[in-house]
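To keep things clear, I will list the structure first and then write my remarks on it.
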Amino acid sequence: MSGIALVTGANKGIGLEVVRQLAKRGWRVFLSGRSLASVRRAASPLGPSVTAVPLDITSHISIEAAVSSASHAVSHLDVLINNAGILDHDEGSIVDLPAGRLRRMLETNTIGALLVTQAFLPLLRKSQSGRIINVSSGAGQLSDMGTWAPAYSISKTALNGVTGQFAAALAGSNIAVNSVCPGWVKTDMGGHEAPRSVEEGADSIVWLATEAPQSMTGLFIRDRKPIPW
Ligand code: NDP
């Protein structure tokens, strides 16, 4: 079964691979990212089912424009994948973490995903079986919290909170909401020492978008299985 999806931060990395895999399965996909040139460049080899949409998830104006252009093109949205994210590689320790660094991470990794979800919810509600997928990280797991990248990790813990809140708010509706950890993946963010390819990193995300039971909601998934929060 194919559907209509929008992926944020999809001009490269895991997001681009998710778009590729969905398009290969016959899906109509909005490939979004914060630079018009980069989304156009990424979308052009992927064929007519992939539409480039500029979308900076930290900008209300950009989010509204993206919702408006998607609403003109399609009657509904089946899957929203909040994939866009940032990481400062040199974050130091929580002991002297500047608050501004945490604010910046929260702005993109948590609040950006929240605002995009709120904005696309009316289109998702028109789907027969909608899905919201928040690309989180094991670094945000409270059950396994370490010292690495404190601002990034906390922003992903908070993103998991966004997932839990939406899953509860939309319980009994036709929309499933889950977080997913792609594992450590070779991308600009993950670096070249990462053990996983983008294909492997995209696997659970595409599975949640296409094959996971619709009744599966309010979970944190890695390798197609629930993991602790
Ligand atoms: P990349 O750095 O390769 O890609 C990140 C994407 O997010 C880019 O397209 C980037 O755009 C985009 N982005 C950043 N800020 C914004 C914004 N304000 N608006 C729209 N797009 C934005 O990272 P990955 O592909 O590795 O990561 C994808 C997701 O997976 C992230 O959420 C990340 O936290 C998560 N993840 C990754 C892991 C890994 O090992 N790689 C491990 C665990 C989780 P631009 O090109 O313009 O910068």
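The values are calculated or read from the model by the stated rules, or taken from the named source; none is laboratory data. Keep in mind the model is a prediction, meaning the values are calculated, not measured. Here the Cβ is made from the backbone with ideal geometry for all residues, glycine too, and neighbour counts use every protein chain on show.
With a cut-off of at least 1 residues that are within 12 Å of the ligand (Cβ to nearest atom), free of Cβ contacts under 8 Å to residues at least 60 places away in the same chain and in contact with a helix residue (DSSP H, G or I) (Cβ under 7 Å, 6 or more places away or on another chain), name the strands (runs of 3 or more DSSP E) lying wholly within region 71-185. It would help to see each step written out before you state the result.
On the way: elements: 79-82, 130-135, 175-180.
Strands (runs of 3 or more DSSP E) meeting the threshold: 130-135, 175-180.
Could you run through region 6-15 and say how many residues are more than 11 Å from the chain's Cα centre (by Cα) and either over 19 Å from V67 (Cα atoms) or touching a residue at least 40 places away in the same chain (Cβ under 8 Å) (or both)? I'd like the intermediate steps shown before the answer.
Of region 6-15, the ones more than 11 Å from the chain's Cα centre (by Cα) are 11-13.
Going one step further and asking which of them are either over 19 Å from V67 (Cα atoms) or touching a residue at least 40 places away in the same chain (Cβ under 8 Å) (or both), we end up with 12-13.
Residues that pass the stated criteria total 2.
Limited to region 142-173, what total is found for residues that are closer than 10 Å to T110 by Cα, of a type in the set (S, T, Y) and surrounded by fewer than 21 Cβ atoms within 10 Å (Cβ to Cβ)?
Count: 1.
Looking at T58 and the list (1) within 11 Å of the ligand (Cβ to nearest atom); (2) in contact (Cβ under 8 Å) with a residue 40 or more places away in the chain; (3) touching a strand residue (DSSP E or B) at 6+ places or on another chain (Cβ under 8 Å); (4) not in a strand (DSSP E or B), which single condition is not satisfied?
(3)
Quick one: R222 ticks every box in (1) under 17 Å from the mean Cα position of the chain (by Cα); (2) surrounded by 18 or more Cβ atoms within 10 Å (Cβ to Cβ) bar one, so which box is it?
(2)
Residues being crowded, with 17+ Cβ neighbours inside 10 Å, of a type in the set (G, A, S) and either part of a helix (DSSP H, G or I) or modelled with pLDDT under 95 (or both): count how many of those fall in region 1-37.
3
Being closer than 10 Å to V180 by Cα and of a type outside the set (A, V, I, L, M, F, W, C) is the filter here; which residues of region 202-229 pass it?
Those that are closer than 10 Å to V180 by Cα and of a type outside the set (A, V, I, L, M, F, W, C): S204, R222, D223, R224, K225, P226.
Only one of these is part of a helix (DSSP H, G or I) and within 10 Å of the ligand (Cβ to nearest atom): A209, A202. Name it. I'd like the intermediate steps shown before the answer.
Values: A209 fails: within 10 Å of the ligand (Cβ to nearest atom).
Answer to the check: A202.
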